[in-house]
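A short reminder: the numbers here are calculations on the coordinates, not readings from a lab. These numbers were taken from a predicted model, which means no experiment stands behind them. Here the Cβ is made from the backbone with ideal geometry for all residues, glycine too, and neighbour counts use every protein chain on show.
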Amino acid sequence: MRQSFNHHLKADVLIIGGGFSGLWAAISARRFVENVLIVDKGPKDWGGLGTSSGGDFQCVQDTTVDAALDDLVYYHDGLCDQELLETILTQSFERFQHYERLGVTFSRDEKGKLKAIPQRNLTHMKMLLVRPYGTGGPSMRDALVREANRLGVRRLGRMCVNELLLDEKGEAVGAVGFHAQSGETFAFSAPAVVMATGAGGWKPSYIFMSNSTGEGAYLGYKAGAALSHNEFMHIWNVPVLFAWEGQTGLLPVGARFVNAEGVDFMKEYYSPTLGANTDTTYNCRGMAFEARAGRTPIYFDTSPISAENVELLKPVHGWAKINYDRLIADEGLDFFKEKSMWMPQIMWHSGGLATNHDYETAVPGLFAACRCRGLDPGVYMGGWALCTTAVTGYITGGNAARRAQEKGLALFNRTRAAEAMARALAPLGREGLPAKDLVRETQEIVYPYEVCLIKSERSLKKALARVERAKEAFLPRLSAKTPHDLAKLQEGLSMLQAAELFVRSSLLRTETRAGHHREDYPQRDNDNWLAWIHAERGPDGEARLYKVPVPLERYRIKPYRYYMDNFTFPGSETAR
Amino acid sequence: MLRTIDQEKCNGCGSCFKACGFDVFRLATDQHEAPPCQAACPLGIDIRAYSHLLQQGRTREAAQVLLAENPFPALTSRLCPGFCQKKCARGAVDTSVNISGLEHYLGELVLASDPRPTPVTRFGAVAVIGSGPAALACACFLNRKGHAVTVFEAGAKPGGELCTPKLAAALPAQIAYLEKLGITFACGVAVGDGLAIGIEDLREQHFKAFVLATGAEKDKTLRAEPPFSSAVDISDDMLVVVNPQTLETRTRWVFAAGTLRGCPASVAHQIADGRRAADSVARYLNGWDMIESRPVLGPVVVDVPGKGIEPAPRLERAGEAPFAFEDMILEANRCLTCGAKAYAAFKDDCMTCYFCEMACPQGAIAVHPFKENLPRTISYAVEGVK
């Protein structure tokens, strides 16, 4: 080992990703095993995307799991793993109580009743708010890190993981990687590995979201695990020039999305019932159709908000406050007094590892928590991420630890490990194309609204041709000047793989459902497409896609209402 | 995007470097003003520089910075009382950085490496008499300059006063390391007037310069007269008389270092003395001026970081074992790299998250709210507000 790696670290459970789900997995794993190691590409204990969040937490506490699940089946247009979601909903309250035990405070009214705000016009899916408002992410991160410290969880930051290691039986027993600031090489061995790297995505400019580039799914895929939900992504409406958090809260007090003609297009053209008070994916689809009709730019008009409400809604904490104040000071731009130009922006990719109900992938010993596991069809509710990081992180960590106890030894082939490391380091110091260009290319492939929002065979095939060109141009000529660049290159490779699977899966799903809209197949097709698409790496290295039917015969709820029916986009009128 | 880092306000604490999720920042540690730790160190080690390298896990480069001033970190990290730590600015926040622990990590790294012999590029040899800290340091620095060096030790094993239980394992490893560098050890050979061999005898064997470093008892009354009076003057305290700046004795080719010439007894002071003697020997052999361009440390940083820094517990080594890599990085990141200056090393990777600005206790960083100009979902010919 000495000659191949600078360091060899052993653990009972190796957790890749130190965000909220990774921290929860570690806290849970420590119930069963001693030696739990978290590695993360960011700074140690930064807490991943969760730290940037407001601290909204979906929790079933004043309704029933059945009712909430019924809402989810409706919201996901039937494409939903009811058994998995039922567990999440059932355990959401325990994790909420756990957060409280760790010192996180949630908002309650004078009588002590939790403040719970329904999301996306769903009656039973409600989020709790961390108090004081806006401090949630950092306070939750601090609580989780304190607990991880108390339990002696080891953490290593700035670590780029390149490949998973499998043993003779094809079971996950570790990983190889390098320290992204120094290039020091590492072999990790562990009889159970948890992926907790968050979702994939194409580096939108949005706080920490740009760090979520899907390496976990990519590593699992390369190791032989299947990915699902690749045809879906989460698209948010954002200002063109700057970042803004919390537009959802402004809509009920009068703010409006309008087109170039000043029309509230969601209400007027696409959804008389919900208007813009829905998931951002649908609003963004509306924006895309407005662009198609030549009625852009799209503006977010805050002028109808009363002065009193503006005072209440002005950001008062953290980055949001600096952002707001500086827009006024440097650019003379008062968010609450102007119509700002907005646009859709891809926030994250729904694609992730497919697992069984124990969150174990097809590679034994490899587990996937939260957004690193494919779960939803491109629709989101406020508070869902913090709920699922906690619940699925906790379940996954416990399962991985028990698996580690059973397996005991983690033995990998050292030659193959050294070869994996050498492959990963090969671009270092070589002449060729930089990570920056690869990242930019993947963005240019998926960002156009005709690829991500209004899909058609024509637009997707064009995108696929571009993916193929990028693979040909970049893969033989990857280069990195420093270990820092090499880590960014790993992100770029993951983004390119996700772009390919997004396009291929989107081409295959010849229907429209939830976050997936096919202009040439604008109707829902339950006969053929109450099914997930899984993608595996074939023996030739190319993606192999196949359908996995939703096992409705096992499920209690047979889909009978569909959230997508609240909308009428061009081409879909005839179906309703 | 990140717009400005006010270099006047920046005091080097590294909060931006430590907080950035995109790894945009690095610190420029090569500054005119020295950090308090370096100023306090008898060896003047650039702790700020190697600590920032360690913060990044760049252990080999960090070792090179440390070795430049101190060839024996494995020994000093076990013996030095830590002059640096007593002046560490972190002490005002919680507790000083465990500099000794970081040094220990690097010391073990150095000893575990397999050094190649230093090429001998100069004609003629130098004799170092004695093998304590000053002697070994002198031998090591002369070896780096390309001189053939022989260390003469009267005892059976090299090390002199370093032969203590604390260094039972480290000292033999360090000696083996020096032998690999090409330093010759002649043990059981007493050098001096009336002993096995005299200085003049060695001169005839082509030794061109001599450094006397056989040490002295701390208690004056126990000192015997050093056996070198044929070449040097001996004081009433039984010490070799030298020019304190150049360590020259009465005889031009004979120098003295360490406690034998009255240097303070700490291992760091003695290594510094050996280094000074090596510098003088080189000047003598080259016929240079003995005084010109001796290294001088710049003024000490006055405005040290500390205000607004969150406390973080100091990590201690577990017994004799050096830090694990992750603990080493953690402890190095407690260092406030006093007086360094932050810069955007990878500015392309900034994603306007404001975390650096929020982390900066000096208010030195300004992020502009406008985002990166990425590809758009919908292209607007003109982007802005109305």
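Each peptide in A:489-498, A:537-546, B:276-285, B:60-69 was scored by the mean count of other Cβ atoms within 10 Å over its residues; highest first, the order is A:489-498, B:276-285, B:60-69, A:537-546. Dipole orientation for the protein assembly as shown: of the candidates A:Ala180, A:Gly397, B:Pro226, B:Pro226 has the Cα lying most toward the positive pole (charges on Cβ; Lys, Arg +1; Asp, Glu -1). DSSP bridge analysis restricted to chain A gives an antiparallel fraction near 70%, rounded to the nearest 5. Against the main long axis of the alpha-carbon atoms of chain A, helix A:65-75 sits at an angle near 80°.
Across the options A:Pro315, A:Asn283, A:Phe336, the greatest Cα extent toward the positive end of the charge dipole of segment A:241-346 (unit charges at beta carbon of Lys, Arg, Asp, Glu) belongs to A:Asn283.
Taking amide H atoms as placed 1.01 Å from N in the peptide plane, the amide H of A:Ala531 lies under 5 Å from those of A:Val550, each 5 or more residues away in sequence or on another chain. Approximating the spin labels as points 7 Å out from Cα along Cα→Cβ, the B:Asn286-to-B:Arg314 distance works out to 4.0 nm.
Using only side-chain charges placed at the Cβ, +1 for Lys and Arg and -1 for Asp and Glu, the dipole size of chain B relative to its Cα centre rounds to 580 debye. Anisotropy class assigned to the protein assembly as shown is prolate, per the alpha carbon gyration tensor with a/c at or over the 1.5 cut-off and a/b larger than b/c. Figure legend: label point modelled 7 angstrom from the Cα of A:Leu409 along Cα→Cβ; residues of segment A:7-21 with amide N under 17 Å from it are A:10-12. Across the options A:Asn566, A:Ala531, A:Val503, the greatest Cα extent toward the positive end of the charge dipole of segment A:427-575 (unit charges at beta carbon of Lys, Arg, Asp, Glu) belongs to A:Ala531.
Site pair B:Gln64 and A:Lys558 shows an inter-label distance of 7.3 nm when each label is modelled 7 Å from Cα along Cα→Cβ.
Of the cross-linked pairs A:Lys314/A:Lys339; A:Lys267/A:Lys337; A:Lys41/A:Lys547, which ones have a Cα-Cα span greater than 25 Å in the structure shown? Exceeds cut-off: A:Lys41/A:Lys547. Principal-axis analysis of the Cα atoms of chain B puts helix B:99-112 at an angle of about 70° to the longest axis. Taking other C-beta atoms within 10 Å as the exposure proxy, A:Trp244, A:Trp348 rank A:Trp244, A:Trp348 from fewest upward. For the pair A:Arg430 and A:Ser306, label points projected 7 Å from Cα toward Cβ lie 6.4 nm apart. Oblate is the label for segment B:198-301. Its Cα gyration tensor axes, ordered a ≥ b ≥ c, give a/c of at least 1.5 and b/c at or above a/b.
With a 10 Å cut-off around each Cβ of A:201-208, the average count of Cβ atoms from other chains is 5. Here the dipole of segment A:241-346 is about 240 debye; that uses its Cα centre as origin and unit charges on the Cβ of Lys and Arg (positive) and Asp and Glu (negative).
Taken residue by residue and averaged, Cβ atoms of other chains lying within 10 Å of the Cβ of B:320-332 number 3.
Between the alpha-carbon centres of segment A:189-230 and segment A:505-576 there is a gap of 23 Å. Each peptide in A:195-203, A:296-304 gets a packing score, the mean of other Cβ atoms within 10 Å over its residues, and the list from highest to lowest is A:195-203, A:296-304.
Listed by chain and number, the lysines whose C-alpha is less than 23 Å from the C-alpha of B:Lys9, apart from same-chain residues fewer than 8 away, are A:Lys321, B:Lys18, B:Lys87, B:Lys307, B:Lys341, B:Lys347.
For segment A:145-200, applying the loop criterion from DSSP together with a ceiling of 10 other beta carbons within 10 Å to the trypsin sites (Lys or Arg not before Pro) yields A:Lys169. Magnitude of the charge dipole for segment A:427-575, about its Cα centre and with charges confined to Cβ atoms of Lys, Arg (+1) and Asp, Glu (-1), is about 300 debye. Of B:Val93, A:Val194, A:Val263, the sequence from fewest to most neighbouring Cβ atoms within 10 angstrom is A:Val263, B:Val93, A:Val194. Of the residues A:Leu530, A:Leu501, the one with the fewest other Cβ atoms within 10 Å heads the list, and the complete ranking is A:Leu530, A:Leu501. Annotation: extensible slack from B:Val302 through B:Ala265 equals 10.4 nm (criterion: 0.36 nm per residue apart, minus Cα-Cα distance). Shape analysis of segment A:51-168 places it in the oblate category; the axes a ≥ b ≥ c from the Cα gyration tensor give an a/c of at least 1.5, with a/b not above b/c. Partner shielding of B:16-25 amounts to 5, given as the average count of beta-carbon atoms from other chains within 10 Å of each residue beta-carbon.
Rounded to the nearest 10 degrees, the angle from helix A:414-425 to the longest Cα principal axis of chain A is 50 degrees.
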